[in-house]
Structure formats: structure tokens, C-alpha cells
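Shown next, in C-alpha cells, is the structure this report addresses.
Please treat every number below as a calculation from the coordinates, not as lab data. The structure presented is a predicted model; accordingly, all values stated were derived computationally and were not measured. Note that we place each Cβ from the backbone using ideal geometry, even for glycine, and neighbour counts take in every protein chain shown.
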Amino acid sequence: MFNWLYQIGEGMQMYSRDMFKHLCGMDVTCSAFIGTPYATYLAIGLGAITLGVLALHYYVLDSPSFNRYYHWWLMALIMAILNFAVAYGILHASIHPGGYCKDLHITNSGAIGVALFNVLTGLIVSIVLTWIPPLRRLSTNNTYTTFIPLN
């Protein structure tokens, strides 16, 4: 379902084609893509973490003392750490010997590459969402809290 997203990361050479096949759900018999769809799980986690942190910043912690642009960067750092930890945790657990197709050459650096791709994607999504003025205006105090200071 979200294979297209992780195909972008594979195209950017952040991880190997074998890791991409593992993300798509290549089963342990190497016959078809009927295994665990890690790409879908990672994309859902990425979306939930990114939107959750933005909602926390713009609607829950919406206070006059937390409305500077560097607070956006603080929340982005928290989001990046969470996205990395979740993606790496899921993939590191999935690449134990015998848990994936034996024809795929998967290493721990591939899991790190996917986790870094999740961090990059989360940052891009949050930059785009915080530049949309109607979404920013829903917040009372954080209207000018974005990637680049607007005021």
C-alpha cells in the first residue's frame, strides 16, 4: 500500500533493493510478496508520530511561552527521534536470521537507512504542513511557529 513511499528511499540509495523487497513483504520462501508488509506498518507509524507531534505542539501545548520558531525545531527533534526509534526497532526485530528470504542480502545498515528515510520524510511532511496557513491559524499562540520564522 505504501510501497511507493519506500521506493523513493530506495531510489535515493538510502538502502538496498533487497531491503526494499523485505519492506514490501517478501516471504521467507522467496516465492511471493505475501509476508509482513513492513512498508505499510512503517508508513502508518510515520504518519501517526508526525501528526501526533504536530497536534501536540500546535493544539495541546499551545501556549504563549512555547511559540518561538526554535520550539518547532525542538518538537521536530522529538519527532525525528521517535520516527527513528520506531522504524529501527521494527526492522531490527525483523532481520533476525531465518526471519526473511534467504536470497535477500539484508544488513543492519539497511535498517538504519530506512529509519533515516523515515526521519527525513517526517521532517518534510511537518515542514509542508506547518507552511499551510489555514492549518497554522487553527492554533491560538503558535501561528508563526514554523520551519523558518515568519515574523
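Just a few scattered comments:
- Cβ-placed point charges (K, R +1; D, E -1), dipole of the chain about Cα centre in debye, nearest 20: 300
- Between the Cα long axis of helix 108-131 and the first principal axis of the chain there is an angle of about 30°, rounded to the nearest 10.
- Sequence of LYS102, LYS21 once ranked by neighbouring C-beta atoms within 10 Å, starting from the fewest: LYS102, LYS21
- Neighbour-count ranking [beta-carbon atoms within 10 angstrom, fewest first] of ASP62, ASP27, ASP103: ASP103, ASP27, ASP62
- The chain has equivalent-ellipsoid semi-axes of 36, 13, 12 Å, by the square roots of 5 times the alpha carbon gyration tensor eigenvalues, sorted largest first.
- Burial order of peptide ranges 68-76, 36-44 (average beta-carbon count within 10 Å, highest first): 36-44, 68-76
- The chain - mean residue ellipticity at 222 nm from DSSP helices (-39,500 (n - 2.57) per run, n ≥ 4, rounded to 500): -19000 deg cm²/dmol
- Each label point was placed 7 Å from the Cα along the Cα-to-Cβ direction; for THR107 and ILE78 their separation is 3.6 nm.
- Taking other C-beta atoms within 10 Å as the exposure proxy, ILE78, ILE49 rank ILE78, ILE49 from fewest upward.
- Taking the longest Cα principal axis of the chain as reference, the axis of helix 38-55 is set at about 10 degrees.
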